[in-house]
Amino acid sequence: MSVYQKLLDVKAAKGAGYFILVDPDRWDYDQVENFIKQINTSGADAIMVGSSLIIGDGAHQKIQRIREIATLPVILFPGNVNHLTPHVDAVFFLSVISGRNPQYLISDQVQAAPIIRELGIEPISTAYMLIESGRVTTAEFMSGSTPIPREKAEIAVAHALAAEYLGFKFIYLEAGSGAKYSVSPEMVRAVCNYTSVPVIVGGGIHSPETAKDLVVAGASFIVTGNILEDVSKSHLMEQFATAIHH
Ligand code: 1GP
């Protein structure tokens, strides 16, 4: 079964799904093993690996190790073509549709497509929308694109409709890793009222209550990253899973 189908099944069975983002730069090779073991039993539904920018050594080896240990689907969340690796089950094939930078709308995808085919990993087309979140995020800076203002839900709605008509499988509302403010439930609600495409929401989600509010607003999947990099907060992963699932 495809990873995409597995994720749809999660949504059908649990109301919404929970993805934990693992940034290879934030974990040593030796530490990542324990973290993935914890995720395996946390109730999360998939592991995302990647970042807008990876500067540390050995990212590909870490991702390979993650794939060996993970009992959940591992999905690459690539910042650029160089992040492609065979050691994942699928890749979010992102187009930064909130921006107008052709490199992140189509050029990088043209470079990546034959590589993905050769690596034999499953592409999941994802309309990636950066939402303004109180500070410039790495994703915003690296993509050279202007995020959608956080109070302008109607702009997000129009982009979401365009994504649906273009045939994207997922819409990703992204405040950016380390965002000061997560995407608002109001924006999520507005987008979900207008589109039937499953919506992933991530960036700056630091509490299970926030995650739950976003699911109630219509989010199909919630992503947390930074918050679990503090090992004293790793107990939160179960709480996130419980809050997100119905
Ligand atoms: C990045 O949305 C994710 O795409 C995770 O963001 O690190 O802020 O949780 P955080």
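Of LYS37/LYS233; LYS14/LYS62; LYS11/LYS212; LYS62/LYS169; LYS37/LYS169, which sit over 19 Å apart, Cα to Cα? Violating the 19 Å limit, Cα to Cα: LYS14/LYS62; LYS62/LYS169; LYS37/LYS169.
Suppose the chain between SER234 and THR71 were pulled fully straight at 0.36 nm per residue; how much longer would it get relative to their current alpha carbon spacing? Could you put the intermediate results ahead of the total?
Working: separation 163, 0.36 × 163 = 58.68 nm, distance 1.81 nm.
So the chain would gain 56.9 nm between SER234 and THR71.
In terms of accessible area, using a 1.4 Å probe and ignoring ligands and nucleic acids, SER52, SER133 rank largest first as SER52, SER133.
Figure legend: label point modelled 7 angstrom from the Cα of GLN5 along Cα→Cβ; residues of the range 160-203 with amide N under 18 Å from it are 169-170.
For the chain, the equivalent ellipsoid derived from the Cα gyration tensor has semi-axes of 24, 21, 17 Å, listed largest first. Gyration tensor over the Cα atoms of the range 176-244: the corresponding equivalent ellipsoid has semi-axes (square roots of 5 times the eigenvalues, largest first) of 22, 12, 9 Å.
Please report the carbon-and-sulfur percent of the accessible area for the chain; probe 1.4 Å, protein heavy atoms only, DNA, RNA and ligands left out.
Numbers: 5690 of 10810 Å².
About 53 percent, which is the carbon plus sulfur part of the accessible surface.
Here the Karplus curve 6.51 cos²θ - 1.76 cosθ + 1.60, taken at θ = phi - 60°, turns the phi angles of the range 192-197 into couplings of 6, 6, 9, 9, 9, 6 Hz, with x standing for Gly and Pro.
The HN-Hα couplings worked out from phi for the range 208-217 by the Karplus form 6.51 cos²θ - 1.76 cosθ + 1.60 (θ = phi - 60°) are x, 5, 4, 4, 5, 4, 6, 5, 4, 6 Hz, whole numbers, x standing for Gly and Pro.
Label zone of TYR29 (point 7 Å out along Cα→Cβ, amide N under 18 Å): in the range 65-84 this covers 65-70.
Taking all protein chains into account, the per residue accessible area for the range 152-246 stands at 41 Å² (1.4 Å probe).
Given R₀ = 41 Å, what would the calculated FRET efficiency be for ILE55 paired with TYR194, taking r from the Cβ atoms and rounding to 0.05? Working shown, then result.
Values: r = 38 Å, r/R0 = 0.93.
The calculated FRET efficiency here is 0.60.
Kirkwood hydrodynamic radius of the range 1-123, from the reciprocal of the average inverse Cα-Cα distance over all distinct pairs: 15.1 Å. Eigen-decomposition of the gyration tensor built on the alpha-carbon atoms of the range 134-209 gives equivalent ellipsoid semi-axes of 20, 15, 11 angstrom, largest listed first.
The values are calculated or read from the model by the stated rules, or taken from the named source; none is laboratory data. Model, not experiment: these values are computed from the prediction. Here the Cβ is made from the backbone with ideal geometry for all residues, glycine too, and neighbour counts use every protein chain on show. Remember, those area values only see protein heavy atoms, side chains included, never the ligands or the DNA or RNA. Shrake-Rupley method; radii C 1.70, N 1.55, O 1.52, S 1.80 Å.
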